[in-house]
Amino acid sequence: MKKFIGNDWDEVLAPVFESEKYQHLREFLKKEYATKQIFPDMYHIFTAFKLTPFAQSKVVILGQDPYHNPGQATGMSFSVMPGVSLPPSLKNIYQELYDDVGCLPVQHGYLKKWADQGVLMLNAVLTVPYGQANGHQGQGWEEVTDAAIKALSDRGRIVFILWGRYAQNKITLIDQDKNVVIKSAHPSPFSADRGFFGSRPFSRCNAALKDFGATPIDWQLPEQITQADLA
């Protein structure tokens, strides 16, 4: 079995990684990375899976695809590299985080602390060309990430946080008898006022984790990111 990720996700996703569709995706990506500017860099495509193994996953925050400007994408949904200006959606997430559970906003957008606690920050599509939002949609990543969502759903006791219509389209993959789904409008400035603000996803998530007998997430991010913190 090939090791694409380096933890238990390799076994969970082996049927997808061994499929003909995934081989086509790999060939497509080789050409894309060789001829275009693609984000994140190829060493960080699977960062979300590497930081949050299958057995340790407790929460899924589902995004659409990586940020498509230089220096932003980390391989984790909604997260950006230290030193990069906070995207508008992340600013709104921090506002709701403060209003909901009192976490003080920080000046960086690097969310690894959440990943280390079992929050899988998964994009549905794991790569994107420079300046082309959703430019790699339909190339094969959905088979990988849908399989991950389904595997976690089947395991159960997962809190799925689905912001916006795109994420909520994945609800058909989730067994709501075994898991908890928290959904609202997307934190984008175009929709945050239409149901994201005031939705209290962070406190609701921790309440669900307590009901599952799991440790709640400490959502407060560190003020500073050191070199040792980088994935």
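The values are calculated or read from the model by the stated rules, or taken from the named source; none is laboratory data. Quick caveat: nothing in here was measured; it's all calculated off a predicted structure. Note that each Cβ is placed from the backbone with ideal geometry, even for glycine, and that neighbours are counted across all protein chains shown. Please note that ligands, DNA and RNA were not included when accessible areas were found on the heavy atoms of the full protein model with its side chains. Shrake-Rupley method; radii C 1.70, N 1.55, O 1.52, S 1.80 Å.
Taking Phe54, is it touching a residue at least 40 places away in the same chain (Cβ under 8 Å), more than 23 Å from His186 (Cα to Cα) and open to solvent by 10 Å² or more (accessible area, probe 1.4 Å)?
Judged against the criteria, Phe54 is a match.
For region 13-32, state whether one or more residues are under 24 Å from Ser79 (Cα atoms) and over 22 Å from the mean Cα position of the chain (by Cα).
Yes - at least one qualifying residue is present in region 13-32.
Output the number of residues of region 154-165 satisfying the condition of being over 23 Å from Phe54 (Cα atoms) and either touching a His at 6+ places or on another chain (Cβ under 7 Å) or in contact (Cβ under 8 Å) with a residue 24 or more places away in the chain (or both).
Start the filter on region 154-165 by keeping residues that are over 23 Å from Phe54 (Cα atoms), which leaves 164-165.
Checking the rest, the ones that are also either touching a His at 6+ places or on another chain (Cβ under 7 Å) or in contact (Cβ under 8 Å) with a residue 24 or more places away in the chain (or both) come to 164.
Here the count works out to 1.
Could you look through region 62-100, keep only residues that are at negative phi and small (Gly, Ala, Ser), and pick out the one that is surrounded by the fewest Cβ atoms within 10 Å (Cβ to Cβ)?
Ser85
Only residues that are touching a helix residue (DSSP H, G or I) at 6+ places or on another chain (Cβ under 9 Å) and open to solvent by 90 Å² or more (accessible area, probe 1.4 Å): list them for region 22-43, please.
If the condition is that a residue be touching a helix residue (DSSP H, G or I) at 6+ places or on another chain (Cβ under 9 Å) and open to solvent by 90 Å² or more (accessible area, probe 1.4 Å), then Met42 is the only one that fits.
Do you know which residues across region 166-199 are open to solvent by less than 30 Å² (accessible area, probe 1.4 Å) and either in a loop (DSSP other than H, G, I, E, B) or in contact (Cβ under 8 Å) with a residue 24 or more places away in the chain (or both)?
Ala167, Lys170, Ile174, Asn179, Ile182, Ala185, Pro187, Ser188, Ser191, Ala192, Phe196, Ser199
Residues in region 5-20: is at least one at pLDDT 95 or above and touching a strand residue (DSSP E or B) at 6+ places or on another chain (Cβ under 8 Å)?
Scanning region 5-20, I find no residue that is at pLDDT 95 or above and touching a strand residue (DSSP E or B) at 6+ places or on another chain (Cβ under 8 Å), so the answer is no.
Quickly run through region 200-222 and pick out the residues that are open to solvent by 20 Å² or more (accessible area, probe 1.4 Å) and under 20 Å from Asn92 (Cβ atoms). I'd like the intermediate steps shown before the answer.
Looking only at region 200-222, we keep the residues that are open to solvent by 20 Å² or more (accessible area, probe 1.4 Å), and these are 200, 203-204, 206-207, 210-216, 218, 220, 222.
Within region 200-222, Arg200, Ser203, Arg204, Asn206, Gln220 meet the criteria.
Please go through region 38-95 and pick out each residue that is part of a loop (DSSP other than H, G, I, E, B) and of a type in the set (D, E, K, R).
Matches in region 38-95: Asp41, Lys58, Asp65.
Here is a check on your reading of the model: is Val125 in contact with a helix residue (DSSP H, G or I) (Cβ under 6 Å, 6 or more places away or on another chain), modelled with pLDDT of 95 or more and not in a helix (DSSP H, G or I)? Give the steps one after another, and end with the answer.
Numbers: in contact with a helix residue (DSSP H, G or I) (Cβ under 6 Å, 6 or more places away or on another chain): yes; modelled with pLDDT of 95 or more: yes; not in a helix (DSSP H, G or I): yes.
Yes: the conditions hold for Val125.
Name the residues in region 59-78 that are in contact with a strand residue (DSSP E or B) (Cβ under 6 Å, 6 or more places away or on another chain) and either among the aliphatic types (A, V, I, L, M) or closer than 21 Å to Gln117 by Cβ (or both), would you?
The initial filter retains those residues of region 59-78 that are in contact with a strand residue (DSSP E or B) (Cβ under 6 Å, 6 or more places away or on another chain), namely 59-63, 65-68, 72-73, 76-78.
Selection gives Val59, Val60, Ile61, Leu62, Gly63, Ala73, Met76, Ser77, Phe78.
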